[in-house]
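Report on the following structure.
Values quoted throughout were computed directly from the atomic coordinates according to the rules given, and no laboratory measurement underlies them. Since the model is a prediction, treat every value here as computed from it, not as a measurement. Positions of Cβ are generated from backbone atoms using ideal geometry, with glycine treated the same way; all protein chains shown enter the neighbour counts.
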Amino acid sequence: ALLGAAIAGGDAALLRDAFDDRLHEQYRSDSAPLLRAVRALDQAGIVGVTLSGSGPSVVVWAERGEAATVESALRDSFPDDVLVLPLRVAQRGAGIA
């Protein structure tokens, strides 16, 4: 509920709180060796860092307008370790025609 409210309201501070997964991530984080390192980045524009599914893929959420800066920081910080794929959040979900 918190995640939905944060996204609907465009509230970055609330979104940061919503990304703090206390239920599942602690059990899955071992499958994502770079999770802690990415979270430790001191980079403006990063809203949150989450596991994608059960890992090892990591999603870095960036503020609108800061994505290119965050992407560059990730590429510079992990030149040999990660594949950075800049993606956008879909404004509309799946539907039935």
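When the dipole is taken about the Cα centre of the chain, and only Lys, Arg (+1) and Asp, Glu (-1) are charged at their Cβ, what size is it in debye, to the nearest 20?
Using Cβ point charges on Lys, Arg, Asp and Glu, the chain gives about 300 debye.
Scanning residues 5 or more positions from ALA62 or on other chains, those with amide H under 5 Å from its amide H are VAL47, with H placed 1.01 Å from N in the peptide plane. For trypsin sites (Lys or Arg not before Pro), the sites in the chain that DSSP calls loop and that have at most 10 other Cβ atoms within 10 Å are ARG22, ARG88, ARG92. Hydrodynamic radius of the range 24-92 by the Kirkwood approach over all distinct alpha-carbon pairs: 12.6 Å.
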